[in-house]
Structures are given as C-alpha cells and as structure tokens.
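The block underneath contains the structure these notes are about, expressed in structure tokens.
The values are calculated or read from the model by the stated rules, or taken from the named source; none is laboratory data. Just so it is clear, the model here is predicted, and its values are computed rather than measured. Backbone-built Cβ (ideal geometry, glycine too); neighbour counts: all protein chains shown. Just so you know, the surface numbers come from the protein's heavy atoms only, side chains and all, with ligands and any DNA or RNA stripped out. Shrake-Rupley method; radii C 1.70, N 1.55, O 1.52, S 1.80 Å.
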Amino acid sequence: MIRVSYRWLSVVLMALLAPLTYANVELSTSVQKVVPVLDDSGQVVRRLEAVESVVPEDVLHYTITFTNAGADTVDAGSIVITNPLPAETVYLDGSAFGSGTDITFSVDGGKTFAEPGALKVDREGQSVPAQATDYTTIRWVFKPALDPGQTGDVTFDVRLK
Amino acid sequence: MRGKTLTWVVRFMLLAASAATHGVGTEAGTMISNTATVTFEIDGAPQPPVESAAAVTRVDERIDVAVVSLDGGLPLMSSAAGEATASFEVANAGNGSEGFRLVVDAHVDEGGFDPLVLQSYVESNGVPGLQVGAAGDTPYAQGDAPELAANERVVVHVVLRLPDGVGSQAEGIVRLSAVADTIARAYGVDDPEDAGFPAAGAFVAGAGDAGVGAVVGLSHTAGATTISAEATLRVDGPFVQLSKTALAIDDGQGGARVTSGTQITYEIAVEVIGSGSVGDLLLTDPVPDSLEYVPGSLAVDGTPQDDDFLPRDADFAGFNTAGDTVSVRIGDLPAGAAPRRVTFTTRVR
C-alpha cells in the first residue's frame, strides 16, 4: 500500500513540477475532417467536422496550439513549430496557415526548409520545382513574443492517401 | 435536411473523382499519427524542445468494387452449341479485405432475349480463359463469395446458353454484379436492384476489417454503376461449314497410289454453325479437269441418288455434265443439326 502511494505521489509531483521547471510553452495537436458542402448559393464550402470516420481521399485538418504556460515571456521570433507530415498523407497546397508566422516547407525530411517557390526535387536526374505533394515537413516561425498565458495556433490540411 | 442532401451530392462527386484517378489508398486499420514539436527561447536562452501528444486517427474501410466486362465491348457470339462465355473482372476498389457476392442477372430489361445462365466460374487455375473440370476454374456457389484483398482482382466467367426460338442477330444481355458481403449483411441487400442501398459515405460501425468502421463507397450506392458490368450476347450466323475429305482411294490393285484410273471417293459434310437456320441450301462442287465423275456414285446421307439434277429431276441431286458439277439441294438446315453427308466417287483421268 505504501509503495503504491509513493508511486502516485511521484506522478503527481512530476505533473506539478513539469510546467514549473521547463515547459513554458505547451503544445497540443488536434484533428478534424474537412467536409465539402454546398451552401445556399450553390458554392462548395468547407466544413470542419469531428473525425468520426476517415477513409482514403478524405481531407484532414490539423490544428497545433501553442500556449505560454510559464511565467516568462518567450522571445519574439524564437518559437519554431515543426510538423512532419504523416507518411500516409499528402499536403494540400496552400493550406498551411498561422497568424504572425513565416511558413516554410521541407522536401528532405526536415533537414532544410524553404518557401514553396525555392524548393527543388530530383526527378529522373533533373532538379525540378517541388510540388505540394513532395513536402515532408512544415515549419512555422512565430514572429511576435509570447507573453505568459498567451496562445496561438497554426493549421494545415492533408489528404489521406 | 436540404443541407444534408447536398452534402451527399458533393461527396458523391469527390468519391467519383477519387475512384477514377487513384488506387486503393491507405489500408483500413492504419493509424495516422501526427505530432508537432516546438523550440523556443527565453531571454536568449534556448529551451528544451516540447513535443505535442500525437493526434491519432484510425483509417476505416471504404467498401468499393469495380466490375468490368473483359469482352472488349463487343457482343459475344454464340458458338455452334449455342453456348457462350462472358468474362468479367471484379476488382476490390476498397482499402480493406472484402468478400464479394456474385450476382448474375440475365433478365436485363433492355429488349432482346434472356440468355440462360448455366454456371459461373472464378478464374483460379492460372490458365487464362475458362477451363472446366478437375484442373479447371472454380465453379461459383451461392454464398461462397470470393475474398479479395485491397486492390486484388479476380476474373469471373459466366457460361450462357441461347434460349430456344431466338433468331439470327438477336441480342441478349447478361449482367454480373459483385455485392460486398459487408454491405449485404448490414443493409439486407443482395442484388443491385434491391431498394435499400445506402448513400455514399454511410457508416457502419465495427463492420470493417479488424473492427474498424466500414464506409460505403460510391459503387455500393443506389444507382451506382461500377458494381455491375454487362456483356451482350449476339446470335451469330448462321454460317454454313463445309468439310471435304477423301474417304477412300482405290487404285484397282489393292493400293492407294494415285495414277490414271484410281478412284477417289469424297465426302462433303455440310453443317450450319451459329444459331438459327439456313434455308434453301444448294451444294455445288465442280469436279476438276483431272478427275471424272463416276456415274451413279452420288449418295446423300448414305442414300444413293440418281445422276439427274434440276430441272430434269425433282430430287435436286445429281451430276450436271454441262458444268461437270456435283449438285445437291440440301434445303433448310438448322444450326446444330447433324451434318448432311454427300458422297461421290471420281476417277483420275
């Protein structure tokens, strides 16, 4: 009984200490499904729904939320969020978004990043401009400082292969 | 309500596009995991990176099938025995393993006759085309749905026979459908004409591979087309087939050397293949200059005939000396009837 109590105590302590010691920025990821629907004027609009079911060709919308849960302000321009794309998905061109961020992409598994126009891939021995389907990783650099308690989020869409 | 209906319409379009341009896709049951990492600095000091918990999504099984006719869009001609084999390919276009019930419908209401369905076979012996027998393809039995992995395809042969009383050039249609077991069980439908097929995107919890959800693909919705394919059976001919053989060669000395005076007995078998019948059939066989007709040698189906021919004799069988031609009026001959055998003897000049 005593041993069990200690174990639980240590878990609680770690949970309490964790944000105090270093986790000034907390990060969470959530996923929704993008469902195209026709609005009253006959236009196709995107609607985000909870993920009940996903099959190939469905479009997923990921939201990454970052929060300054610490007591100190995080330096301007220092928050860098990196998201490797799940292997079973392809990035949807133009879908990455993040208020106050610079967005770059990688086609080499996250070794190098550049803006879409500057990315090249090797195809049949020739270096050609990369396409959205070549992207492996997305990176957001958040330009403002993040004060304690402040939060922000970035998003992107992929299509399930 | 209206919004919901429109949703389906759009999904329909998307599914149609995806089915046409993409393969089967990520396998049912796959876990799609997404994790982000953040690095940051406080007062110029880099802090340890923080990783998010993974957002995990499990891929459900989309139930889809594509049935195509392998007969190239051309009508199947019936063979001499009035039978024909229609071949189809059934492809599992979903992303999981699925059994498909084969449904043959010969009563396709588009005019024409209803072919008689004798038996369907699942190609299984590795030899293209239908083979029947011990080392042949597997006869399909009701309830014995072939199980196909994602993107796997199988060839199905359907053996058909012409019904009686079908005229030449008439056409009949046979349709093969492949109904996914999962959909058949969940919705109580077994035939594409059944009411009760769900809408595209409908979800059946737990019905997919290894307990994932099953999602109804476009092929298994009311009015869908890729669940079935049709083949047209056309009554061909009828065609007259002649085969001439030398039955006996007799050189008069117990041998078969072909020299002057050697007698050669020929048989011409006349039959009609295809379907229907040929009327007023007249057989003429000019005897070449190197041979001469042996008078009184003509017989039809073993019955001797005199040598007189039309118009001098009413039996329409004889030897026309003016044209050196054996002439036999066969008359009406239906397809599939026993061949009429005309025999006569010639002598080498």
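For the reader, a short list of remarks on this structure follows.
- Residue in region B:241-264 that is within 13 Å of B:THR343 (Cα to Cα), within 30 Å of the chain's Cα centre (by Cα) and of a type in the set (S, T, N, Q) present: yes
- Number of the exception - A:VAL11 against (1) under 18 Å from the mean Cα position of the chain (by Cα); (2) modelled with pLDDT under 95: (1)
- Qualifying residue in region B:61-69 (condition: in the same structural domain as B:VAL132 (by TED's automatic domain parsing) and of a type in the set (Gly, Ala, Ser)): yes
- Scanning region B:99-109 for residues that are part of a loop (DSSP other than H, G, I, E, B) and touching a strand residue (DSSP E or B) at 6+ places or on another chain (Cβ under 8 Å) yields B:ALA106, B:VAL108.
- Region B:25-42, residues that are at the interface with chain A (Cβ under 7 Å from one of its Cβ atoms) and assigned to a loop (DSSP other than H, G, I, E, B): B:GLY25, B:THR26, B:THR30, B:THR35, B:ALA36, B:PHE40
- Lone qualifier among B:ALA91, B:ALA106, B:ALA86 - being in contact with a Lys or Arg (Cβ under 6 Å, 6 or more places away or on another chain) and among the aliphatic types (A, V, I, L, M): B:ALA91
- Residue check, A:ASP102 open to solvent by 30 Å² or more (accessible area, probe 1.4 Å), of a type in the set (Asp, Glu) and modelled with pLDDT of 95 or more: yes
- Looking at B:LEU160, B:LEU130, just one residue is in contact (Cβ under 8 Å) with a residue 24 or more places away in the chain and assigned to a loop (DSSP other than H, G, I, E, B), and that residue is B:LEU130.
- With a requirement of 3 or more residues that are open to solvent by less than 60 Å² (accessible area, probe 1.4 Å) and either among the β-branched types (Val, Ile, Thr) or touching a helix residue (DSSP H, G or I) at 6+ places or on another chain (Cβ under 7 Å) (or both), the strands (runs of 3 or more DSSP E) lying completely within region B:263-349 that satisfy it span B:263-273, B:325-334, B:340-348.
- Test: residue in region B:49-60 that is under 30 Å from A:SER28 (Cα atoms) and of a type in the set (S, T, N, Q): yes
- B:ARG234 being of a type in the set (Lys, Arg) and surrounded by 14 or more Cβ atoms within 10 Å (Cβ to Cβ): yes
- Checking each residue in region B:43-73 for being at the interface with chain A (Cβ under 9 Å from one of its Cβ atoms), under 28 Å from B:GLY217 (Cβ atoms) and among the hydroxyl-bearing types (Ser, Thr, Tyr) picks out only B:THR57.
- Any chance A:VAL51 is modelled with pLDDT under 95 and either within 7 Å of another protein chain (Cβ to nearest Cβ) or touching a Phe, Trp or Tyr at 6+ places or on another chain (Cβ under 8 Å) (or both): yes
- The lone exception for A:ASP122 - which of (1) closer than 30 Å to B:ALA28 by Cα; (2) part of a strand (DSSP E or B) it fails: (1)
- Residues of region B:74-98 satisfying the condition of being under 16 Å from B:SER219 (Cα atoms), part of a strand (DSSP E or B) and either aliphatic (A, V, I, L, M) or open to solvent by 50 Å² or more (accessible area, probe 1.4 Å) (or both): B:VAL90, B:ALA91
- Meets criteria (touching a helix residue (DSSP H, G or I) at 6+ places or on another chain (Cβ under 7 Å) and open to solvent by less than 30 Å² (accessible area, probe 1.4 Å)) for A:TYR135: no
- Residue among B:GLY217, B:GLY211 that alone is at positive phi and either open to solvent by 20 Å² or more (accessible area, probe 1.4 Å) or modelled with pLDDT of 90 or more (or both): B:GLY211
Residue-by-condition table, conditions (1) hydrophobic (A, V, I, L, M, F, W, C); (2) touching a strand residue (DSSP E or B) at 6+ places or on another chain (Cβ under 7 Å); (3) open to solvent by 30 Å² or more (accessible area, probe 1.4 Å); (4) within 10 Å of another protein chain (Cβ to nearest Cβ):
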position	(1), (2), (3), (4)
A:VAL35	yes, yes, no, yes
A:VAL45	yes, yes, yes, yes
A:HIS61	no, yes, no, no
A:ILE64	yes, yes, no, yes
A:VAL90	yes, yes, yes, no
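- Qualifying residues in region A:68-88 (those that are more than 7 Å from every other protein chain (Cβ to nearest Cβ) and part of a strand (DSSP E or B)) - the one surrounded by the fewest Cβ atoms within 10 Å (Cβ to Cβ): A:PRO84
- Scan of region B:169-189 for residues that are part of a loop (DSSP other than H, G, I, E, B) and open to solvent by 60 Å² or more (accessible area, probe 1.4 Å), ordered by number: B:GLN169, B:GLY188
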